[in-house]
Every structure is written in structure tokens, then in C-alpha cells.
Amino acid sequence: MVSVIILAGGYATRLRPLTFTKPKPLLPILNKAVIDWILDSVTAIKPSSIFLSVRYMSELIEKHINHRWASLMGIINVVREDKPLGDGGPVSYIASNYKLDDIIVVFNGDVFTRVNLEEVINEHVSKGALATICLTQVSDVSQYGVVTLGKDNLVTGFVEKPEPGSAPSNLINAGIYVFSKEALRYFPKPGEFGKLALDVLPRIIKDRGAYGYALKGYWYDIGTVSSYLDANFRALDEYCRDCPMPNGNDVSIKPPVFIGEGVSIGPGAEVGPYVVILPNSKIGAHSRIKYSVIMDNTTVERGAYVDLAVLGSDVFVGRWARIEKGVVVGDGSYISDHVLINRDSIIGPFREVNQSVYEVGKILL
């Protein structure tokens, strides 16, 4: 049998202002929270137990799990961290307080990917491995742990966040691991802080060796607003080529687009390509939205323009307002009529913006 540990305790500072009011695991990709995509993957292998390690806004995550995954409450356990434990500390903390199976899957709670966990586990077991690290290829490796492989996919090197131009490969740690229970002795003592990439994996690689498993599908680390948008755009490509579209000849829809329940779109509006509009939002007549995520209960009024932006929940964008590329607007904010928000600006939650923001990259929290 298999136990699964999902690491979901981070503060997600690079995703602010969205994460001022929502923990990262609850940010939506299409109509599902990040954590729900992960749980879809891990429940497919029918684990005997799932542990969700949480800290920041833990009560919101627990409430979501209790509602969305009520049928699995005998299997899913929400474990609150009393203090930051890194991504290695929670594993030993959970192991000291709960019974874990002989195979332990550890899954970062900010990863959007398609992974066949059964296949990864089978390879791990067939090789008698102590640790198997899921890997993926990226063009810019500077923010990740870079891995080199030898014969039979044995890990020969592991470099955390290498300097530009010094990376030994373009294979990175994908934040999904399979450990045999024996590997727990390499983890920090219960209650102590520890990092998998710095404290655990290098010791395992040196003493016993670890294996790499190259993911075959898409992979996104939901660590920045840019990667969050990219994950939604990939989800549109994967799952929304045939999504239902609103009827009416007066609305221009350019797929791929996801439109949630209860969304209204006024005549003459142009939506898409690559737009996610979540439930109960209102898109006004003659507005233009492209390459953006519009969260639930948000209003974009008549003639407004939104391009490559993220609008949080309960946001109001006034008539003929203009939201430029890279803008992020936090939950509950109000943008007045005719206001321009220039590129890469950040509007915090519950802000009222009555004058145009002409400065590029302006932060209003």
C-alpha cells in the first residue's frame, strides 16, 4: 500500500496579491483548485492514506477539503504545521505521528502536471530504489534543482538553483518523489526544519543512490503569476478545446476559452483566445478580454479592456477601463470608469483605484 504526503504550507509571496486572500493550493486552474488537480492524480492510485501538510491559511484549506473531498475523509488527513518545517520536515513530523506505508509519495502542493503515479511507483519498486525523483525539462533552470542522470536513470548529480550558464543539464526536480519507508532515517528529526534538495536527497544520493523518472506530460510550478497564467493556458489547450460556449451572434468567442456557470457576456463583447472566466462573473457589452484569468463574481463593465492579466474574485472593473499586460488585481478591488492600469502593476485586495496608474510596475497594496 501507499501513503501520500502533499506539501501545502508555503506563504506563496511571489503570487501576491492573489495569496493575500487565498492560499496557493486554492488558486483555480480552470474551475478546480490546484489542490484538487493534485488530489485527482493521487487518488487514482487508491492510497491507504493521504496527508495534507498545511500552515498558511490552513483553515481555508481544511474547509475546502472537508467540503470538496468529504467522501474521502477517512483517508485524507489535514496536518497543521505549528512552525515552518520546509519541505523535508513535514515528512518526518507526519511519520512520527501517523502510520505510513512502505511506499511514500511526496507531492509539492503547487505543481500542475499530468503524472502516472502508478508507473512511477512500479519503476521505483522494480529497481529496489530508496528514492525516485520525478524530473521534467525546462529551458530556464536557474530557479530549480538540476539533476544529471547516468546509466539506468541513476542520479549522478544534484545542483540546487545553479548560476546562469553553469547548469549541468536541463532536467529539473519536478517536486514529486517516491520514497521507500527506509528513507525516513535521512529526513530531519520530527519537528525540525529541513529541505529535501539540500538536506535529504544529497545524503541519499551519496549513501544509497536515487533514481530519476522523466515525466511525459506537461508540468508547471505555480510559483509566480506568469507561471500561474501559463498553467491555465495549458489547461485550456488540454481540456477546453470543446468547452461549451455561450449562444448568440453578438458575442465573439475565440477558443480556447473556459466560461463558468452563471457567467453573463454582453453583446459586442470579444472574449479570447486563452481566457478563463469563473462562475457568476459579468462581462459587459463591447468589452475585450484576452489571455487572462477572471475569477468568480467579478464584473468587467462595458467597453473595458483586459489583456494578459489576472483579476481576483469580486473585482469590479469600470466602463472603458484598461487593464494592461501583466497586471494583477487582488480580490474585492474596485477600478473606476476610464481608469488605466499600466503594465505589470499590482493592485492589492480591497483597493479602490479612482485615478489612472501610468507608472509601469506600480504596486498599490
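The values are calculated or read from the model by the stated rules, or taken from the named source; none is laboratory data. Everything numeric in this text was worked out from a predicted model, so none of it was measured. Methodologically, a virtual Cβ is constructed for each residue, glycine included, from the backbone with ideal geometry; neighbour enumeration extends over all protein chains shown.
Among the conditions (1) in contact (Cβ under 8 Å) with a residue 12 or more places away in the chain; (2) under 19 Å from Phe107 (Cα atoms), the only one that Asp40 does not satisfy is (1).
Can you tell me how many residues within region 179-216 are closer than 17 Å to Ser3 by Cβ and among the acidic types (Asp, Glu)? Residues that pass the stated criteria total 1. Of everything listed in (1) closer than 23 Å to Thr13 by Cα; (2) in contact with a strand residue (DSSP E or B) (Cβ under 7 Å, 6 or more places away or on another chain), the single unmet condition for Arg343 is (2). Taken over region 162-189, residues that are part of a loop (DSSP other than H, G, I, E, B) and at pLDDT 70 or above amount to 4.
Highlighted here are the strands (runs of 3 or more DSSP E) found entirely within region 270-365 that include at least 2 residues which are within 21 Å of the chain's Cα centre (by Cα) and closer than 25 Å to Leu26 by Cβ: 275-277, 292-294. In summary, Phe107 fulfils each of the numbered conditions (1) buried (at least 22 other Cβ atoms within 10 Å of the Cβ); (2) in a helix (DSSP H, G or I) with the single exception of condition (2).
Quick one: in region 11-33, of everything that is β-branched (Val, Ile, Thr) and within 18 Å of Gly330 (Cβ to Cβ), which residue is modelled with the lowest pLDDT? Of everything passing the filter in region 11-33, Thr13 is modelled with the lowest pLDDT.
Scanning region 113-148 for residues that are surrounded by fewer than 21 Cβ atoms within 10 Å (Cβ to Cβ) and part of a strand (DSSP E or B) gives Gln137, Thr148.
Of the listed requirements (1) of a type in the set (Gly, Ala, Ser); (2) in the same structural domain as Arg80 (by TED's automatic domain parsing); (3) touching a Phe, Trp or Tyr at 6+ places or on another chain (Cβ under 9 Å), Gly209 misses just one: (3).
Determine whether region 128-146 contains at least one residue that is at pLDDT 75 or above, within 21 Å of the chain's Cα centre (by Cα) and of a type in the set (Ser, Thr, Tyr). Yes, there is a match, as at least one residue in region 128-146 is at pLDDT 75 or above, within 21 Å of the chain's Cα centre (by Cα) and of a type in the set (Ser, Thr, Tyr). If you go through region 84-129 and keep only what is hydrophobic (A, V, I, L, M, F, W, C) and more than 28 Å from Arg55 (Cβ to Cβ), you end up with Val125, Ala129. A Cβ distance below 8 Å, combined with a sequence gap of six or more or placement on separate chains, defines the contacts here; from region 12-33, residues that are among the basic types (Lys, Arg) reach residues that are part of a strand (DSSP E or B) and buried (at least 19 other Cβ atoms within 10 Å of the Cβ) in the pairs Arg16/Ile346; Lys24/Ala8.
Within region 169-183, residues that are on the phi > 0 side of the Ramachandran plot sit with their Cβ atoms under 8 Å from residues that are surrounded by 17 or more Cβ atoms within 10 Å (Cβ to Cβ) and outside any strand (DSSP E or B), at 6+ positions apart or across chains, in these pairs: Gly175/Asp110.
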